[in-house]
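Working notes, beginning with the structure itself.
The values are calculated or read from the model by the stated rules, or taken from the named source; none is laboratory data. All of these numbers come straight from a predicted model, not from anything done at the bench. Note: ideal-geometry Cβ built from the backbone for every residue, glycine included; neighbour counts use all protein chains shown. Side chains included, ligands, DNA and RNA excluded: accessible areas come from the protein's heavy atoms. Shrake-Rupley method; radii C 1.70, N 1.55, O 1.52, S 1.80 Å.
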Amino acid sequence: MRNRSIKFKLALLTFLMLLIAAAVSFLAVRYASGVVLRSTIRNYLIGMVEENTNKIAFITKEAKPEISIGNMYIEFEGGYLEIDDDFLDKINDVSAALYDDDGTMIYGENTLEKYMEKTPFAASKVWSIDVAGEVFDVYDRQLNLSTPTDSKLWIRGIVSRTNSTSQLNEITRLSLFVIPILILLLIFIMYFIIDRLLSPLGNIEKTAEQISEGYDLKRRIEVGKNNDEVSRLAKIFNGMLDRLERAFNTERQFTSDASHELRTPTSVIMTQAEYTLEKERSVDEYIDAMKVIDKQSKRMNLLLGDMLDYTRMDQKSERYEMEELDISRLVTETSDHMTLVGEKNIHLTVDVEPWLKINGNEVLLTRMIQNLISNAYRYGVQDGNIKVALKRVRDDESDAPSNLVELSIVDDGIGISKEDQEKIFDRFYQSDASRSIQGTGLGLSMVKKIVELHHGEIQVESEEKKGSTFRVRLPLCN
Ligand code: ADP
């Protein structure tokens, strides 16, 4: 059973439930109808006999001339028994007859007369008699007629119980035939509905199989218009595949970019070494060769370090905890440390609005500030200026404070051309103007990632040979 499909299990469950429901309701209805039918028939029997008691009277001989046409007159104890013409002797399965106290039938009908001749009367109660396997209900009622000898008269009513329940048996037989057909029909419909409902599950299974067999991350599950659990699962699965495909492509791109970047210094080192070792060289030549190798290996070292940092952050292999921190303090401290770089006699000024708090990770944010300031130094000009500022963003018109903080880093360095501005956040991108300056092209893509992790935005404004401004906007703590 465990290996059976959900479809099969659901259909079986539905079948069993329907079967139980049908059996219980059938038995309950059958029992209740039996009880109701029996009581209706009994009441009908009693009602008919009681009704007949009013249809019989004793009249003296003298009263005979007042006879009514249609009535029946039977001589009895020197007078007459007058029986109304509407005395009910046989209606449907119920028959009724008039008897004297000895059990001799005076008038009426009794289908069982020959079987129950002289059977004693049981006053005013329904009793039953079994005749050749058929059960009959009998009701005897004594009449209070004042005859000369006060003799007792009886009306006996009889109805066949078997006959009356035969209709019920007929309905039962029909139900036993119709109910299974109905159940089968319902099962068929249920199976069809379940099949439709679960078809996305089958698609998920098929797609997952195809992906694992062929590593084809482009495949997706077809999702219908429904918005039920299965369709939602399919959508989640598709979303997961989207992210997986993106991550996989990024990974592949990164590996290819990284190998490409590493190839240049590696080939320079190899060529330089081979060339130098070809024959004996002078000391100056050896020194020159070692300088080239030293420069390239430093570049490789820088590249590898940045690549490692970048991948760690990208894959979130280190869990970065976000906490409330004082961004004002962080910007001031990091900028102060960076003034120690003091390259090209560049002057760095810091203007920070105090006590601004954001929800973030100190290590990552320090890295972001460092990268931006070191770029400003790196691409700055001799005796230039860098202005680091942090302030709460205010509405242009009303000047009302918003819930954003803006960090701006302004330099008067070499600037970035319009077309380069669009690409500088891409990994390994370095503008032609900056190729000669030592860098890896990973700094800004890392900055962008950090900004995104903090739900912020980064923008650049720049003019070639005039300088650049990097603006980072981050949400403040509430
Ligand atoms: P790297 O500085 O290591 O080359 P980045 O990702 O930090 O890599 O920067 C990418 C490119 O953007 C740089 O190569 C440079 O061309 C340009 N760039 C970044 N910051 C500045 C700046 N302050 N002034 C001019 N150009 C810049």
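Close amide H contacts of residue 152 (hydrogens built in the peptide plane, cut-off under 5 Å, sequence separation of 5 or more or a different chain): 101. When peptides 125-135, 362-372, 225-235 are ranked by their average number of other Cβ atoms within 10 Å per residue, the highest-first order is 362-372, 225-235, 125-135.
Only protein atoms count toward the accessible area here, which uses a 1.4 Å probe; on the chain, the carbon and sulfur part of that area reaches 55 percent. Working ranking of peptides 277-285, 257-265 by packing, defined as the average number of other Cβ atoms within 10 Å per residue, highest first, is 257-265, 277-285.
Across the stretch 101-114, coupling constants 3J(HN,Hα) worked out from phi with the 6.51/-1.76/1.60 Karplus curve, θ = phi - 60°, read 5, 7, x, 8, 6, 9, 7, x, 10, 8, 5, 9, 3, 5 Hz, and Gly and Pro carry x. Bridging of residue 218 to aspartates and glutamates at a Cα separation below 15 Å is possible for 209, 242, 245, once same-chain residues fewer than 8 apart are set aside.
Once you've got the Cα coordinates, tell me which of 391/448; 55/90; 391/423 are over 25 Å apart. Too far apart for the 25 Å limit: 391/423. In this structure, the amide hydrogen of residue 108, modeled 1.01 Å from its nitrogen in the peptide plane, lies closer than 5 angstrom to those of 98, counting only residues at least 5 positions away or on a different chain. For residue 466, the aspartates and glutamates whose Cα comes closer than 19 Å to its Cα, not counting residues fewer than 8 places off in the same chain, are 343, 383, 411, 412, 419, 420, 422, 432.
Taking a ≥ b ≥ c as the square roots of the eigenvalues of the Cα gyration tensor of the stretch 395-474, is the shape rounded (a/c under 1.5), prolate (a/b larger than b/c) or oblate? Cα axes put the stretch 395-474 in the oblate bin.
Straight distance only, please: which aspartates and glutamates reach the Cα of residue 357 with their own Cα at less than 13 Å, same-chain residues fewer than 8 apart left out? Of all the aspartates and glutamates, those that pass the test against residue 357 - Cα under 13 Å, at least 8 places apart if same chain - are 323, 324, 326, 406. In the chain, the longest principal axis of the Cα atoms and the axis of helix 362-378 are about 40 degrees apart. The value of relative contact order for the chain, using C-alpha pairs under 8 Å at least six residues apart, is 9 percent. Angle of helix 161-214 to the longest C-alpha principal axis of the chain, folded into 0 to 90 degrees and rounded to 10: 10°. For the chain, the longest principal axis of the Cα atoms and the long axis of helix 443-453 meet at an angle of about 30 degrees. The stretch 66-106 and the stretch 305-365 have Cα centres lying 119 Å from one another.
The stretch 163-188 and the stretch 111-129 have Cα centres separated by 36 Å. Per-residue 3J(HN,Hα) values for the stretch 278-285, derived from phi via the Karplus relation 6.51 cos²θ - 1.76 cosθ + 1.60 with θ = phi - 60°, read 4, 8, 6, 10, 7, 4, 4, 5 Hz in sequence order (x marks Gly and Pro).
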